[in-house]
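The values are calculated or read from the model by the stated rules, or taken from the named source; none is laboratory data. Note that the coordinates shown come from a computational prediction; the quantities given were computed from them, not determined experimentally. Ideal geometry is used to build each Cβ from the backbone, glycine not excepted, and the neighbour counts take in all protein chains shown. In case anyone asks, the SASA skips ligands and DNA or RNA and just uses the protein heavy atoms, side chains included. Shrake-Rupley method; radii C 1.70, N 1.55, O 1.52, S 1.80 Å.
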Amino acid sequence: MEIVRRLARLRELSRDARADKRKLALVPTMGYLHEGHLSLVRLAREMADLVVVSVFVNPSQFGPGEDLESYPRDSHRDAELCKKEGTDVVYMPEASDVYPRGFQTWVEVEQITKSLCGAFRPGHFRGVTTIVLKLLNMVQPHFALFGQKDAQQCLVVERMIRDLNLDVELVIGPTVREPDGLAMSSRNKHLSADERRAAPAIYRALTTAERLYARGEREAARLLEAVRDGVEAEQLLKLQYVELVDTEALEPVERVVGRCLLALAAFAGETRLIDNTLLGEERRGE
Ligand code: AMP
């Protein structure tokens, strides 16, 4: 496994692989890797000959007052974990290389970035799409792998790929959870013992909604109420939003028709946690 810091070297590896007709996969991450990330690396390993994991805490997707400074980092451990999973290249660029002096070009998906997390994190998805497009240009992968845990991010990246005719296949891996249901996240490290005990209520609330749906409930208001009640039953959790939206426009629906995304964000102390589930059937052609 090679740890690459310079773009010129990354391009060389990518060009050589493509010249040899080898398939490349990119797993973009912000590091402090856990099983959620590693499940994507494994999936990438099955699909591609050259697996590139990028580790970069992207400053442009953090808003003022968000946790850029305190975001957990451990590049040594990240490299070890990548190596164990058979990664070929770990790309760990310097922020000054990614955003050189004078940088002023941004990519913005206009509409579906306004709802859900986007409503509370203005500019976040602009930072995400810009860094993802930059990484896709740098690595030129055949496959780019993302986790369903960040459902809106997946839909926004999918929209960008379609809108900009990018020649890459988006692959979405399922959410990996702790045994008690808490979605794995680098930010979980910041949870106090009490917050950690409270956090799985988020997943339990989502599974309550799934059960109601399985029993025939289709009304958004009822499903949302169940999630709200489940999260708010935990005093240490503060719900930021819970919404039921369609998976095209990400607009609120009144009833589950076709495939819908039930997504939420909640704070446990200072730590912002997100989770989601998909309800309903995919319509034909989706
Ligand atoms: P991050 O380092 O948090 O930016 O995440 C990098 C990638 O890993 C994104 O595509 C995330 O959606 C994905 N990811 C993070 N947590 C999980 C998880 N618990 N299960 C599956 N994928 C995840």
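Quick look at the numbers
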quantity: Residue among Leu244, Leu278 that is over 21 Å from Glu66 (Cβ atoms), in contact with a Cys (Cβ under 8 Å, 6 or more places away or on another chain) and open to solvent by 60 Å² or more (accessible area, probe 1.4 Å); calculated: Leu278
quantity: Residue within the range 253-261 that is open to solvent by 70 Å² or more (accessible area, probe 1.4 Å) and assigned to a helix (DSSP H, G or I) present; calculated: no
quantity: Residue ID - nearest to the chain's Cα centre (by Cα), chosen from residues in the range 39-58 that are closer than 16 Å to Thr175 by Cβ and within 9 Å of the ligand (Cβ to nearest atom); calculated: Leu40
quantity: Odd one out for Tyr91, checked against (1) surrounded by fewer than 16 Cβ atoms within 10 Å (Cβ to Cβ); (2) touching a residue at least 60 places away in the same chain (Cβ under 8 Å); calculated: (1)
quantity: Residue ID - nearest to the ligand (Cβ to nearest atom), chosen from residues in the range 8-24 that are farther than 12 Å from Val90 by Cα, under 25 Å from the mean Cα position of the chain (by Cα) and not charged (D, E, K, R); calculated: Leu24
quantity: Flag if Glu158 is surrounded by fewer than 19 Cβ atoms within 10 Å (Cβ to Cβ), under 14 Å from the mean Cα position of the chain (by Cα), at pLDDT 95 or above and not β-branched (Val, Ile, Thr); calculated: yes
quantity: Flag if Asp78 is within 13 Å of the ligand (Cβ to nearest atom) and not hydrophobic (A, V, I, L, M, F, W, C); calculated: yes
quantity: Selection count where residues are of a type outside the set (A, V, I, L, M, F, W, C) and in contact (Cβ under 8 Å) with a residue 40 or more places away in the chain, scope the range 227-247; calculated: 4
quantity: Which listed residue, of Ala151, Ala119, is closer than 22 Å to Arg187 by Cα, aliphatic (A, V, I, L, M), more than 15 Å from the ligand (Cβ to nearest atom) and modelled with pLDDT of 95 or more; calculated: Ala119
quantity: Conditions (1) assigned to a strand (DSSP E or B); (2) open to solvent by 50 Å² or more (accessible area, probe 1.4 Å): number failed by Glu225; calculated: (1)
quantity: Strands (runs of 3 or more DSSP E) wholly inside the range 1-80 that include at least 1 residues being of a type in the set (Asp, Glu) and open to solvent by 20 Å² or more (accessible area, probe 1.4 Å); calculated: 2-4
